[in-house]
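Shown next, in structure tokens, is the structure this report addresses.
What follows draws every value from the coordinates through simple rules; no lab data is involved. These figures come from a predicted structure and were not determined experimentally. Here the Cβ is made from the backbone with ideal geometry for all residues, glycine too, and neighbour counts use every protein chain on show.
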Amino acid sequence: MIVTAGLGISSRASHLDVLDMLAELARAAGVLTFVGVGTLESKSAVPALVRGVESFAPIRIEGFAPAELTVIPVEAPSRRLEATVGTGSVAEAAAICAAQRLTRAARRAEDGPVPRPAPVRGGPVPGAAAAIDMLVPKLVGRFVTGAVARATWADCPQGGQAIGAAGMARY
């Protein structure tokens, strides 16, 4: 399983605002940390974000262009946000995009030229599709919004189908 956070960050946010949001998201998701954090590409190097993420854990920050985030369907896109940054959702869409990107990276690692041991339960199964769902919908904090997505794999032989549980979709 891959669990990622997505963050939308205001220019007024401090690293403590980011740290508080990550801690709240982890509590809500029932995890200790995340594999990655997604955000707008233009915000991925903002000092408050970088310092807040580093204070939480050594997590990779994944930046996404507004065009990448816009194609992710969300429940309530913001017209104001779309007019400002070019996408109606940052936190939820970035969490899903980060899960997608890190899922592809996990697959490439599994398919590498070096023989690998059998996959661990809950990890990428050769030939099985990943199902990505929103684990924690958007939370609003002080100058930061956040959401959590997770990717899971069907625990089945090569050619298996994605997990078909309610609320999960292939992205």
query: Which order results if 24, 62 are arranged by neighbouring Cβ count within 10 Å, fewest first?
result: 24, 62
Difference of contour (0.36 nm per residue) and Cα-Cα distance, residue 11 to residue 65: 17.7 nm
field: Prolate/oblate/rounded call for region 2-153, Cα gyration tensor, a/c under 1.5 rounded
entry: prolate
field: Ranked packing of 72-79, 42-49, most packed first, by mean Cβ within 10 Å
entry: 42-49, 72-79
